[in-house]
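One structure is given below, encoded as structure tokens.
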Amino acid sequence: MKAINTFSPLARAEATKTVSQTRQAKTSNTAAESQLPASIASQRCILGAIIEDDDLVMPAVVASGLSSPDFLLSGHRRVFDAMLKVWEEKKHIDLILVTERLGNRQEDAVLAASLIQGAVVHPDHVLDHVEIVRNKARLRRVLHIAEWMTSAAADTDNVDALIEDAIQKLERISRPEVRA
């Protein structure tokens, strides 16, 4: 893949031109992914809000406990990880630095730009979107545990051990206030 100069007007124009195509490709999940609980719009709002006002938004997002596995799409996980690294380096988060951190390829610029195009969110609303994303991620984890239980139930005669393991797995993903 060819590295691009993200400062170039031509590169920005090409990136803008292909944003909608890339967004369609990035959001057309596999059949299995499309059935999983997720709010792609909330994920985009969070990432777009970070790019728009990182000083205000990023500390709140980090404090909320949001992590990259909470994002369903791999592109969103990559961008969030890149944003975290830039923020941990005490730099401002913008499209150019995120694109650079992702690898500075044209598709990286398109991915980063696609997150803010059309994403409008007030910084005060970001934590509402974080809650949505985290809850959808927890639902996916519950489904994963359910799949494990189905498989494990077919292979065991020790029902009590299976139930105990399932309870432990569910407790690990429950919110702290539920565990108390």
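Results, tabulated for the structure shown:
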read-out	value
Test: residue in the stretch 52-68 that is in contact with an Asp or Glu (Cβ under 6 Å, 6 or more places away or on another chain) and either free of Cβ contacts under 8 Å to residues at least 60 places away in the same chain or under 25 Å from Ser174 (Cα atoms) (or both)	yes
Criterion violated by Ser68 - all others in (1) farther than 17 Å from Ala41 by Cα; (2) surrounded by 13 or more Cβ atoms within 10 Å (Cβ to Cβ); (3) of a type in the set (S, T, N, Q) satisfied	(1)
Whichever residue in the stretch 38-55 is farther than 17 Å from Arg78 by Cβ and not in a helix (DSSP H, G or I) and, among such residues, is nearest to the chain's Cα centre (by Cα)	Ser39
Search result, residues across the stretch 56-76 that are in a helix (DSSP H, G or I) and of a type in the set (S, T, N, Q)	Ser64, Ser68, Ser74
Breaking point among (1) farther than 15 Å from Ser114 by Cα; (2) at pLDDT 95 or above, for Arg78	(1)
Residue match in the stretch 134-148 (condition: in contact with a helix residue (DSSP H, G or I) (Cβ under 6 Å, 6 or more places away or on another chain) and within 18 Å of Gly48 (Cβ to Cβ))	yes
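The values are calculated or read from the model by the stated rules, or taken from the named source; none is laboratory data. Quick caveat: nothing in here was measured; it's all calculated off a predicted structure. FYI the Cβ positions are ideal-geometry reconstructions off the backbone, even for glycines, and counts take in every protein chain you see.
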